[in-house]
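Contents: one structure, followed by commentary.
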Amino acid sequence: MNANDVVGSLRYMDANGDVSVGTIINLKNVNFGGLDLNNVRASVVRNQKAPLLLGQNVLGRLGRIEIDNSKNILIVTHNKLYHAKNTPIWDIKETQTIDFQ
């Protein structure tokens with residue numbers, strides 16, 4: 001990370017009504033259960049009690065999301081495009097299960 005990855009700052013209000021200041025940064029790569037996402041906007045909040053959250057904007061980039069609370073797993077179905085000589089040759093759906101136990 002370098003100074004160019006710091007985008008700005010915002011104030012955030014949590015569910016309790018508490019307001020915290022956060023610094024918005026650009027993460028070059030995030031690996032989430034074996035799935036890679038590039039250029040993810042994130043916020044670092046100056047509040048030790050603030051929860052760690054993965055927002056809908058990031059989850060939406062992963063693909064279709066299913067949550068199985070009884071098994072503590074997240075199931076991600078996404079399209080994977082295979083290439084040959086920079087030409088797409090087939091597009092398949094791939095499912096990944098991420099275990100949070």
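The values are calculated or read from the model by the stated rules, or taken from the named source; none is laboratory data. Bear in mind the structure is a predicted one, so any value in this text is a computation, not a measurement. Just the protein is used for accessible areas: all its heavy atoms, side chains included, with ligands, DNA and RNA removed. Shrake-Rupley method; radii C 1.70, N 1.55, O 1.52, S 1.80 Å.
Quick notes on this structure:
- Phi-based couplings in Hz for the range 2-18 (Karplus 6.51, -1.76, 1.60; Gly and Pro marked x): 9, 4, 5, 7, 8, 8, x, 9, 9, 9, 10, 10, 8, 4, 7, x, 6
- Average accessible surface area per residue within the range 5-82, 1.4 Å rolling probe, Å²: 71
- Calculated over the range 1-84: convex hull of Cα atoms, volume per residue (Å³): 141
- Counting only protein heavy atoms and a probe of 1.4 Å, the accessible surface of the range 1-61 is 52% carbon and sulfur.
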